1. In region 252-274, what residues are modelled with pLDDT of 90 or more and in contact with a helix residue (DSSP H, G or I) (Cβ under 7 Å, 6 or more places away or on another chain)?
2. Against the condition surrounded by 14 or more Cβ atoms within 10 Å (Cβ to Cβ) and modelled with pLDDT under 85, how does S151 come out, does it pass?
3. Scan (1) in a helix (DSSP H, G or I); (2) farther than 16 Å from V200 by Cβ; (3) in contact (Cβ under 8 Å) with a residue 60 or more places away in the chain for the single condition A188 breaks and write down its number.
4. Got a number for residues in region 13-36 being surrounded by 19 or more Cβ atoms within 10 Å (Cβ to Cβ) and touching a Ser or Thr at 6+ places or on another chain (Cβ under 9 Å)?
5. Among the residues of region 369-379, is there at least one that is aromatic (F, W, Y), modelled with pLDDT under 85 and either within 23 Å of V335 (Cα to Cα) or buried (at least 21 other Cβ atoms within 10 Å of the Cβ) (or both)?
6. Could you look through region 37-62, keep only residues that are more than 39 Å from the chain's Cα centre (by Cα) and aromatic (F, W, Y), and pick out the one that is surrounded by the fewest Cβ atoms within 10 Å (Cβ to Cβ)?
7. May I ask you to list pairs of residues, at least six apart or on different chains, whose Cβ atoms are under 7 Å apart, with the first in region 194-207 being closer than 17 Å to Y395 by Cα and the second being assigned to a helix (DSSP H, G or I)?
8. Within region 261-273, count every residue that is under 24 Å from E347 (Cα atoms) and out of contact with any strand residue (DSSP E or B) (no Cβ under 6 Å at 6 or more places or on another chain).
Amino acid sequence: MNAPIIKPQTQRHLLHRIRFQLLGGLSFAILAPALVRIAADPSFIYYSNLQITIFAAFVAHTGGFFSFRRIGNFPGVAAAGYILPTFAISYGIAYFTIFLLRIDYSGYQAASSLTLSILWYFGLSILSRRLDPYSLAVVPGGAVNRLEEISGVNWHWLGSPDTVVDRVSGVVADLRAELSDDWERYIADQALAGVPVYHVKQISESLTGRVEIEHLSENTLGSLNPNQAYIKIKQAIDWVSAVLALIMLAPFLVLIALMIRLESPGPAIFRQERLGYGGRSFTVYKFRTMTVSAPEVANVRSLAVTKPGDSRVTRLGRFLRRSRIDELPQLINIVRSEMSWIGPRPEATVLSSHYSVALPFYRYRNIVRPGITGWAQVNQGYVSDDDDEIEKLHYDFYYIKNFSPWLDIIIVLRTLKTVLNGFGSR
């Protein structure tokens, strides 16, 4: 006898269908304002600037839509919060290109299309949350109990293969556990019926943004090595942008250095040996935010960690840390190809040696270039003890496993928010 089939929640509303979302968005955000303008002046349909603007808006809207959907797949992403920046970037690129090419366009159509695009997807997001809360059915057995600690999901714990749950987004099971024949038939039937079936580890990672580190974990391509092509592309983008940033920010950086020297004795730039890309050590540069330690104790592990309310932090240093301005000298490290804008934070060599003893695969985090900001920083903030460090590794390994431009975009947007609210600074 076949197991009862769960009808997927994705079939419940048109709101989730790509065709409805995209075609509705194009009609509401591009066609509607054009028709309003044409109704006021029918001859306007023949104007080349309207036609060009509609074409640019079509490209920008479509690009923004697929980018928004891709970004929304990452854990911890409050999708509605990324609608504005995603579409602002896509439309900005499209119309900036038109501006550079000196092509005439309709300002009314451009502004209306951007505004209505944002309103359309905000509306869809609100309706989706109200009509379709995220629900998952859980097959008992194995390591599924860990899911109880994850909030934000309606978990339906199945009691038997005959249990029927009304409309869920998928079924979760520990596919590596020794499940009974009945449960295996149940899982197979759900998959054949089109219900998404997730391995518990996969769904845990996608909801928390962390990779458990009991052992090294392969990426989605079945390899321990991140995408080598993207590593090269990212390095080129890092280098060019860092050179431009250094040129533009040079007067500001000099001013900050002078202020540091005036506030307390010692050099303006703090230098420290850290472990970086490929497990090689390098000297990291930061603005000094603390009083100068005595040379004989500077390398003590306890002093390499900044505690909450650390008395060594100067008054100006607190501001520099909160605003992340103290990190700007690391542009030099990026130009020297020692660091990236985005990646796992480089640890002091004395700390790396300590953690490597406790975790044999700790050095795996150095398979990509360390960054000024990273996935752990925007999710966790600053760490100061071994337990926090292990949690940070969960985030670092997730970043390496899902190494992609999409994840980097999310980190950039979250970093901007972090700079504004001072999250994680000490």
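1. Answer for region 252-274, where residues must be modelled with pLDDT of 90 or more and in contact with a helix residue (DSSP H, G or I) (Cβ under 7 Å, 6 or more places away or on another chain): L253, I256, M259, I260, A268, I269, E273, R274.
2. Considered against the rule, which asks whether it is surrounded by 14 or more Cβ atoms within 10 Å (Cβ to Cβ) and modelled with pLDDT under 85, S151 comes out as no.
3. (3)
4. Taking region 13-36 as the starting set, the residues that turn out to be surrounded by 19 or more Cβ atoms within 10 Å (Cβ to Cβ) are 21, 25-26, 29-30, 33-34.
Right, trim to touching a Ser or Thr at 6+ places or on another chain (Cβ under 9 Å) and you get 25-26, 29-30, 33-34.
So the count comes out to 6.
5. Within region 369-379, none of the residues are aromatic (F, W, Y), modelled with pLDDT under 85 and either within 23 Å of V335 (Cα to Cα) or buried (at least 21 other Cβ atoms within 10 Å of the Cβ) (or both).
6. Y46
7. The qualifying pairs are S204/R146; S204/L147; E205/Y398.
8. Qualifying residue count for the region: 3.
The values are calculated or read from the model by the stated rules, or taken from the named source; none is laboratory data. The structure displayed is predicted, hence computed values, not measured ones. So basically every Cβ, Gly included, is an ideal-geometry build from the backbone, and we count neighbours across all protein chains shown.
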